[in-house]
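Can you keep this structure in mind? I'll have questions shortly.
The values are calculated or read from the model by the stated rules, or taken from the named source; none is laboratory data. Please read all numbers here as calculations on a predicted model, not as lab measurements. For neighbour counting, all protein chains shown are included, and Cβ atoms are generated from backbone atoms with ideal geometry for every residue, glycine included. Surface accessibility is based on the protein's heavy atoms, side chains included, excluding ligands, DNA and RNA. Shrake-Rupley method; radii C 1.70, N 1.55, O 1.52, S 1.80 Å.
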Amino acid sequence: MGGDNTPLSNTLASVLDNLSTTSSGTLFGIVAATGIVAATGFALTFGQAEVKGKAATELLKGTSLREDEVKEHWEEYDKYFQQNAGEGVDEKQKAPKLVDTFYNLVTDIYEWGWGQSFHFSPAIPGKSHKDATRAHETMIADLLELKPGQKVLDVGCGVGGPMRAVASYSQAHVTGITINDYQVKRALHHNEKAGLKDLCTVVQGNFLHMPFEKESFDAAYSCEATCHAPKLTDVYKEIFGMLKPGGLYVSYEWVKTPKYDKLNPEHVRIVDAICYGDALPEMRTYLEIVDAAKEVGFEVVEERDLALPPAGPWWKRLKMGRLAYYRNHVIVSILSFLGLAPAGTTEVHEMLYKTAISLVEGGETGVFTPMHLLLCRKPETQETPAVAASA
Ligand SMILES: C=C(CC[C@@H](C)[C@H]1CC[C@H]2C3=CC[C@H]4[C@H](C)[C@@H](O)CC[C@]4(C)[C@H]3CC[C@]12C)C(C)C
Ligand SMILES: C[S@@+](CC[C@H](N)C(=O)[O-])C[C@H]1O[C@@H](n2cnc3c(N)ncnc32)[C@H](O)[C@@H]1O
């Protein structure tokens with residue numbers, strides 16, 4: 001198994017070395033070699049995956065899931081979200097488990113084809129995706145007015161792209177929580193490599209029941225993560241409880257914009273497809289975000305869609321990547337055909353490809369945004385919030 005920076009061509013070369021020397025093995029070897037050489041040529045011709053988070057080798061057996069688990073997890077995910085997308089998760093307690101399954105399936109592919117930050121950012125003319133991503137992340141630190149030594153909570157931290165940007169930029173200490181155990185391993189590995197293990201902590205847990213001491217954080221943020229919560233007030237209430245009085249919370253939320261018309265079948269189709277391909281229980285409207293924050297007791301300081309002009313289109317990167325995704329599809333198909341990637345990987349990749357199309361449609365029609373900014377403060381002195389009083 002190749003390490004993080006193993007180039008695809010090296011891995012393919014080692015696969016070739018390991019092919020059997022029996023006569024049927026030789027025939028298989030010739031067929032495989034032809035496929036591999038073609039894939040390598042294709043990969044080299046069309047360049048690397050967009051921002052290299054990891055190598056294609058990490059899609060091989062034995063990473064996030066055991067070989068036999070991928071197909072099984074995929075079928076479970078597909079069945080559930082095909083039936084429920086757009087209608088909300090009927091059984092609330094099922095959501096974290098299914099989201100965990102989803103991230104077992106996609107984490108390696110995300111890192112391979114997108115990088116260590118699992119979110120979008122407005123395109124900035126003349127700047128790379130990497131710079132635009134970092135600007136979107138460090139804006140979190142600015143909005144939270146972070147100071148060195150403060151304690152910050154990252155709600156739904158993924159493999160830690162935003163966490164490392166926020167910590168290195170502000171010198172505040174960031175604690176991330178993710179439901180997915182494999183992401184914890186990846187995040188810890190990246191933190192160590194980046195020399196940030198003293199500033200960044202990662203724990204596995206459910207953000208609907210956070211395993212931290214109450215009022216122990218100076219600030220908190222969530223970057224395109226709370227959209228997975230079946231009920232937004234449940235996660236906002238938890239975050240509210242973790243903050244010290246006066247603490248700020250910022251979130252980049254996935255929402256339906258004012259342009260969304262529930263009577264327009266095209267809008268409904270686009271948003272349902274986004275929910276299906278991104279493991280979302282339902283898509284909220286921008287108005288519901290503010291209501292939920294106020295309901296749990298937050299003062300709303302600012303809220304606006306960061307995707308609106310003059311911001312550059314966040315979906316541009318997805319659109320530009322189409323050729324690379326096709327190349328990735330060929331690589332994944334060859335690796336699966338050769339039995340090097342677990343069964344089910346091709347289906348997951350295809351689902352992501354279709355999701356990318358729906359996301360671009362959501363961006364181009366303007367009915368969806370992944371970056372509705374919500375900045376709120378926990379009041380210094382508290383009245384009993386409506387949700388807490390009725391609980
Ligand atoms: C916030 C969430 C995730 C947002 C994005 C990081 C991901 C949404 C769709 C993903 C992708 C789609 C197409 C893939 C492509 C086919 C493959 O070859 C390489 C990876 C993709 C580009 C992949 C990368 C991550 C996304 C852009 C959700 C889940 C709440
Ligand atoms: C799209 S990723 C975003 C990750 C990270 N914020 C980033 O921008 O790179 C969503 C994250 O939310 C996490 N998540 C979803 N539901 C969760 C839950 N119930 N408890 C904890 N984490 C959860 C996922 O595990 C994943 O890490």
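Ignoring ligands, DNA and RNA, please state the percent of accessible area on the range 58-378 from carbon and sulfur, probe 1.4 Å.
Working: 6900 of 12920 Å².
About 53 percent, which is the carbon plus sulfur part of the accessible surface.
Just to be sure I understand the model, the point goes 7 Å from the Cα along the line to the Cβ. What's the resulting Lys147 to Glu75 distance in nm?
Rounded to a tenth, the inter-label distance reads 5.7 nm.
Taking square-rooted eigenvalues a ≥ b ≥ c of the alpha carbon gyration tensor, is the range 112-168 rounded, prolate or oblate, where a/c under 1.5 means rounded and, failing that, a/b exceeding b/c means prolate?
Details: a/c = 2.48, a/b = 1.42, b/c = 1.75.
Oblate, since a/c reaches 1.5 and b/c is not below a/b.
Stokes-Einstein D for the range 58-378 at 4 °C, 1.567 mPa s, Kirkwood Rh over Cα pairs, in µm²/s?
Working: Rh = 19.8 Å.
The Stokes-Einstein estimate is 65 µm²/s.
Could you work out how far the C-alpha centroid of the range 265-286 sits from that of the range 174-247, in angstrom?
25
Using a 1.4 Å probe, what is the accessible area per residue for the range 287-356, in Å²? Mind showing how you got there, number by number?
Numbers: 3330 Å² over 70 residues.
That works out to 48 Å² for each residue.
Filter the cross-link list Lys231/Lys256; Lys79/Lys237; Lys127/Lys197; Lys97/Lys185; Lys130/Lys193; Lys214/Lys294 down to pairs whose alpha-carbon distance in this structure exceeds 21 Å. Let's see the in-between values first.
Details: Lys231/Lys256 16 Å; Lys79/Lys237 31 Å; Lys127/Lys197 29 Å; Lys97/Lys185 18 Å; Lys130/Lys193 18 Å; Lys214/Lys294 19 Å.
Violating the 21 Å Cα-Cα cut-off are Lys79/Lys237; Lys127/Lys197.
Dipole magnitude of the range 255-303 about its Cα centre, charges +1 at Lys/Arg Cβ and -1 at Asp/Glu Cβ only, in debye to the nearest 20?
Numbers: 6 positive and 11 negative charges, 45 e Å.
With only Lys, Arg, Asp and Glu charged at Cβ, the dipole is about 220 debye.
Hey, another quick one. Per residue, what accessible area does the range 126-255 have, given a 1.4 Å probe and all protein chains present, in Å²?
On the way: 4630 Å² over 130 residues.
That works out to 36 Å² per residue.
If one computes P(r) from the Cα atoms of the range 222-305, what percent of pairs lie at distances over 19 Å? List each step's numbers first, then the result.
On the way: 1397 of 3486 pairs.
Cα-Cα pairs in the range 222-305 separated by more than 19 Å: 40 percent.
Of the listed peptides 248-254, 366-372, 356-362, 144-150, what is their order by residue-averaged count of other C-beta atoms within 10 Å, with the highest listed first?
On the way: 248-254: 24.7, 366-372: 22.7, 356-362: 19.7, 144-150: 15.3.
Per-residue Cβ counts within 10 Å, averaged per peptide and sorted highest first, yield 248-254, 366-372, 356-362, 144-150.
Along the positive direction of the dipole of the range 276-391 (beta-carbon charges: Lys, Arg +1; Asp, Glu -1; about the Cα centre), which of Val332, Val301, Thr365 reaches farthest?
Positive-end residue among those listed: Val332.
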